[in-house]
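Structure incoming, see below.
The values are calculated or read from the model by the stated rules, or taken from the named source; none is laboratory data. Everything quoted here is computed from the prediction, not taken from an experiment. Glycine gets a Cβ as well: all are built from the backbone with ideal geometry, and neighbour counts include every protein chain shown. These accessible areas exclude ligands, DNA and RNA; they are computed on the full protein's heavy atoms, side chains included. Shrake-Rupley method; radii C 1.70, N 1.55, O 1.52, S 1.80 Å.
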Amino acid sequence: MSEVSSLTGRLLVATPALADPNFDRAVVLLLDHDEEGSLGVILNRPTPVGVADILESWASLTGEPGVVFQGGPVSLDSALGVGVVPGEAHEKGAKGAGTGDGPLGWRRVHGAIGLVDLEAPPELLAAALGSLRIFAGYAGWGPGQLEEELVEGAWYVVESEPGDVSSPEPGQLWRAVLRRQRNELAMVATYPDDPSLN
């Protein structure tokens, strides 16, 4: 799959037609998308579990709300960290990192957004991280599965912004992402929660 057709780093925004309750009004950040399948995390599913309850050493680096998010229905017992390294910090890299592609313990996904190695000492990244969110589980698609869902009209594909990862109001993210689009998608943001009440 060519770079142009990869959707890595983009957002999948659930259409009102998507019937799967796991993804109702979901905003998914795609962390990987190629011919072998796709993997992403749902950005707007906070859980009642505090980050300090499961990854205490990372809790001080996570923004509000300081809870674990349900990244998707797959591997709910595993944790993923998604962090934003703002400005030039992610371009200069850490001394000795070798790649010059960001600080140690962080791997770029798209722009300033990257995956955080939760096994690394948090102090390695503390100075570089602009925001961090911890996800339990992820959303995954096998080869061609996401493409089929796109053809069926289950998802809108839009550009991500670094602030999407750490939105302080995750419950409003679906509407906010749609509202900022410069086409008819902005109108979808007004879609009622329960169309039968219209």
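Identify, from the list Val49, Val41, the residue that is at pLDDT 95 or above and closer than 13 Å to Leu11 by Cα. Quick ask: steps written out before the conclusion?
Working: Val49 fails: closer than 13 Å to Leu11 by Cα.
Going through Val49, Val41 in turn, the sole match is Val41.
Could you check region 30-49 and list, in sequence order, the residues that are among the hydrophobic types (A, V, I, L, M, F, W, C) and under 21 Å from Glu152 (Cβ atoms)? Even if it seems obvious, please write down each step before you answer.
Here is the first cut: in region 30-49, the residues among the hydrophobic types (A, V, I, L, M, F, W, C) are 30-31, 39, 41-43, 49.
Across region 30-49, the qualifying residues are Leu30, Leu39, Ile42.
Please determine, by comparing only the residues of region 37-79 that are open to solvent by less than 40 Å² (accessible area, probe 1.4 Å) and free of Cβ contacts under 8 Å to residues at least 60 places away in the same chain, which one is nearest to Glu147 (Cα to Cα).
Out of the qualifying residues, it is Val67.
Answer yes or no: is there a residue in region 140-147 that is modelled with pLDDT under 90, under 20 Å from the mean Cα position of the chain (by Cα) and not charged (D, E, K, R).
Narrowing region 140-147 to residues modelled with pLDDT under 90: none.
No, that holds for no residue.
Do we find that Ala139 is of a type outside the set (Val, Ile, Thr) and in contact with a Gly (Cβ under 8 Å, 6 or more places away or on another chain) in this structure? Walk me through it before giving the result.
Values: of a type outside the set (Val, Ile, Thr): yes; in contact with a Gly (Cβ under 8 Å, 6 or more places away or on another chain): yes.
Yes.
To continue, here is another question. Within region 183-194, does at least one residue satisfy the condition of being touching a residue at least 60 places away in the same chain (Cβ under 8 Å), part of a loop (DSSP other than H, G, I, E, B), open to solvent by 60 Å² or more (accessible area, probe 1.4 Å) and touching a strand residue (DSSP E or B) at 6+ places or on another chain (Cβ under 9 Å)?
Taking every residue of region 183-194 in turn, none turns out to be touching a residue at least 60 places away in the same chain (Cβ under 8 Å), part of a loop (DSSP other than H, G, I, E, B), open to solvent by 60 Å² or more (accessible area, probe 1.4 Å) and touching a strand residue (DSSP E or B) at 6+ places or on another chain (Cβ under 9 Å).
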